[in-house]
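Let me begin by presenting the structure, written as structure tokens, before commenting on it.
Just so you know, all these numbers are worked out from the coordinates, no wet-lab data involved. Treat the numbers as computed from the prediction; the structure is a model and nothing was measured. Cβ coordinates were reconstructed from backbone atoms using ideal geometry, including for glycine residues, and neighbour counts include every protein chain displayed.
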Amino acid sequence: MITHSTNYNMDYKVLRNLERYTYERFSRSYVHQRFMLKVAVWCISMKVRRSLKRMLDLTIALMAMPILLPFMLLTALAIKLDSPGPAIFRQTRVGKWGQPFTCYKFRSMHTDAEQRKAELLQQNEADGPVFKMQNDPRVTRVGRLIRKLSIDELPQFFNVLKGDMSLVGPRPSLPTEVSEYEFEFVRRFEAVPGITGLQQVSGRSDLDFQRWMELDLEYVARRGIRQDIEIIWKTIPAVLLGRGAY
């Protein structure tokens with residue numbers, strides 16, 4: 001026989017369990033909603049940041065093209081007159097999230113440069129997986145001039161217009177270089193590669209490989225329009241002075 005006291009205790013337990021269930025369910029729902037709100041805000045801010053960066057790239061590139069095109073035509077003519085081969089050099093580079101793309105540059109070397117690279121490896125002046133020689137015999141006469149003034153990189157404005165590259169970002173790497181990267185350096189592929197970047201305004205080829213990677217990772221961590229504008233502004237004197245360019 002069930003007494004009134006027993007009924008009371010059972011009702012009390014049911015109410016307590018219901019109260020606990022309701023509280024936990026509400027709490028979980030509230031925490032989940034706050035979390036989803038933060039994720040939504042983060043996604044929107046990242047999308048706005050990417051859109052603003054793309055707008056900056058297109059605006060500057062489209063404004064610069066009418067000024068740069070005459071210099072590009074003269075450079076192409078000088079390259080053709082100086083040595084046999086195409087004026088534009090096309091090379092596969094690694095872009096954002098490891099996606100390969102065709103990078104455009106003015107040809108600054110003889111057409112057999114890749115075949116001759118193996119015999120020059122012992123004279124490599126750079127550390128890490130990068131190959132650099134200050135007096136590389138594969139570089140043409142016109143090539144030395146356009147490298148010193150960074151004119152060889154002007155065709156990369158077409159990469160910017162296509163969306164493969166940005167005005168500012170880590171240098172686009174070769175697949176052979178990427179295959180030798182340490183795992184921590186892979187984070188640099190979170191950003192779209194750029195024509196200029198922290199490395200280019202901090203010494204370029206005069207930097208060792210470790211410092212170069214550190215600057216790229218610093219850029220990725222601090223990405224923003226303000227930083228891009230500062231780097232673009234610093235690029236002007238760096239190009240005119242030719243620091244670390246060879």
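Given +1 at the Cβ of Lys and Arg, -1 at the Cβ of Asp and Glu and no other charges, the dipole of the range 88-140 around its Cα centre is 340 debye to the nearest 20. Between amide H atoms placed 1.01 Å from N, distances below 5 Å from S166 occur with G194, I195, all of them 5 or more places distant or on a separate chain. Stokes-Einstein, applied to the Kirkwood radius of the range 69-167 over Cα pairs at a viscosity of 1.002 mPa s and 20 °C, places its translational diffusion at 147 µm² s⁻¹.
Using the Cβ atoms and a cut-off under 10 Å, what net charge is assigned to the surroundings of R116, where Lys and Arg are +1 and Asp and Glu are -1? Before the final figure, lay out the partial values.
Working: positive: K117, R138; negative: D112, E114, E119, D136.
For residues surrounding R116, the net value is -2.
Rounded to the nearest whole Hz, the Karplus-based 3J(HN,Hα) values (6.51 cos²θ - 1.76 cosθ + 1.60, θ = phi - 60°) of the range 169-178 follow the sequence x, x, 4, x, 8, 7, x, 5, 6, 4, with x at glycine and proline.
Work out, in µm²/s and without decimals, the Stokes-Einstein translational diffusion coefficient of the range 105-246 at 10 °C, 1.306 mPa s, Rh from Kirkwood over C-alpha pairs.
Numbers: Rh = 15.9 Å.
D = 100 µm²/s.
For M109, the amide hydrogen comes within under 5 Å of the amide hydrogens of T140, counting only partners 5 or more places away or on other chains and with H modelled in the peptide plane. List the lysines whose alpha-carbon lies under 26 Å from that of K132, not counting same-chain residues fewer than 8 positions away? Leaving aside lysines fewer than 8 places away in the same chain, those within reach of K132 are K80, K96, K105, K117, K148, K234.
For S173, nonlocal amide neighbours, meaning residues 5 or more places apart or on other chains whose placed amide H falls under 5 Å from its own, are V94. Considering only beta bridges that DSSP places wholly inside the range 47-241, some 80 percent are antiparallel. Based on the inverse mean of 1/r over its pairs of different Cα atoms, what is the Kirkwood hydrodynamic radius of the range 180-226, in Å? The answer is 11.1 Å.
Taking 16 Å as the straight-line reach from the Cα of K162, the aspartates and glutamates in range (excluding those fewer than 8 positions away in the same chain) are D57, E153.
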